[in-house]
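All of the numbers you see were taken from the coordinates with simple rules; none came from a lab. Predicted model, so just to flag it, every value in this text is computed and none were measured. Reconstructed Cβ throughout: ideal geometry from the backbone, glycine too, with neighbour counts over all protein chains shown.
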Ligand code: ADP
Ligand code: ADP
């Protein structure tokens, strides 16, 4: 069953064609990993899917509903498609539990008591319950990234986008974040991941898509990719 369809997306910045006709379908529960040199439009692609950027042409469909521009419905839409960024995007003045709670209160309109309960549950899912009252500055990069994953999960999204989630982390912290993502993939979360972690791609992805110059130049399952010359 197809949950997300991306059809012929084009995006230019000035003279530069950053996305040059990108199309793919995502099935429910699937993990797709995007690999490619820096500057080939991977981040722009995720930003188009999450409506942080508007494509020049092409369309994006979630469950057969066009979501290329949601306009006033964007808040509702962003609950369905979560995003995890390279640099965490946390509120520094809020504790770990506060960062998750505020999203539940503001976006889902939950009351404070329910939001706190759900926020603690999400923190436990990523192994951060003991850091609930710590501020982002007191967390390691790996803990901060797991917190931003917990915040995305708290929205009960249908799809989560990961934009180079480990590229600011050293190898040990990278491993702990990838482990959380691996568990999510196994649990059936639908995920699109931009990463340079080929080991993760080969062991977790249902499909690996290679991008160059704003296009998908090759795509296949990890076994197709490992056996191709
Ligand atoms: P990748 O994620 O593959 O590294 P990006 O999507 O981040 O690639 O960027 C692709 C190209 O688009 C880069 O040359 C980048 O500088 C340019 N770019 C991205 N966002 C903008 C923007 N808002 N304005 C102008 N150029 C941009
Ligand atoms: P990443 O590489 O983590 O995807 P970037 O550092 O490329 O992020 O981009 C961060 C922000 O800057 C994004 O909003 C992106 O659209 C914007 N941006 C990237 N490149 C340019 C550029 N050449 N001109 C203007 N804005 C840009």
Using distinct alpha-carbon pairs, which all enter the 1/r mean, Kirkwood radius of the stretch 28-68 in Å: 11.6 Å
FRET efficiency for residue 54 and residue 75, using Cβ-Cβ distance with R0 set to 25 Å, rounded to 0.05: 0.95
The chain: angle of helix 171-186 to the longest principal axis, Cα-based, in degrees nearest 10: 80 degrees
nm² value of the averaged projected area, convex hull over the Cα atoms of the stretch 85-143: 4.0 nm²
Antiparallel content of DSSP bridges confined to the chain, in %, to 5: 55 percent
Column: log10 I(q)/I(0), Debye, Cα scatterers of the stretch 161-229, q = 0.15 Å⁻¹: -0.51
Mean Cβ count within 10 Å, highest first, over the residues of peptides 4-12, 52-60: 4-12, 52-60
Zero-based 10 Å bins, Cα pair distances in the stretch 1-57, whole percents: 22, 55, 21, 2
Added length on full extension, which subtracts the Cα-Cα distance from 0.36 nm per residue, residue 218 to residue 202: 4.3 nm
Taking N as its residue count, the alpha carbon Rg of the stretch 28-141 over 2.2 N^0.38 Å: 1.25
Ratio Rg/Rh [Cα only; Rh per Kirkwood] for the stretch 102-229: 1.03
4 °C / 1.567 mPa s Stokes-Einstein diffusion coefficient of the chain, Kirkwood radius on C-alpha pairs, µm²/s: 72 µm²/s
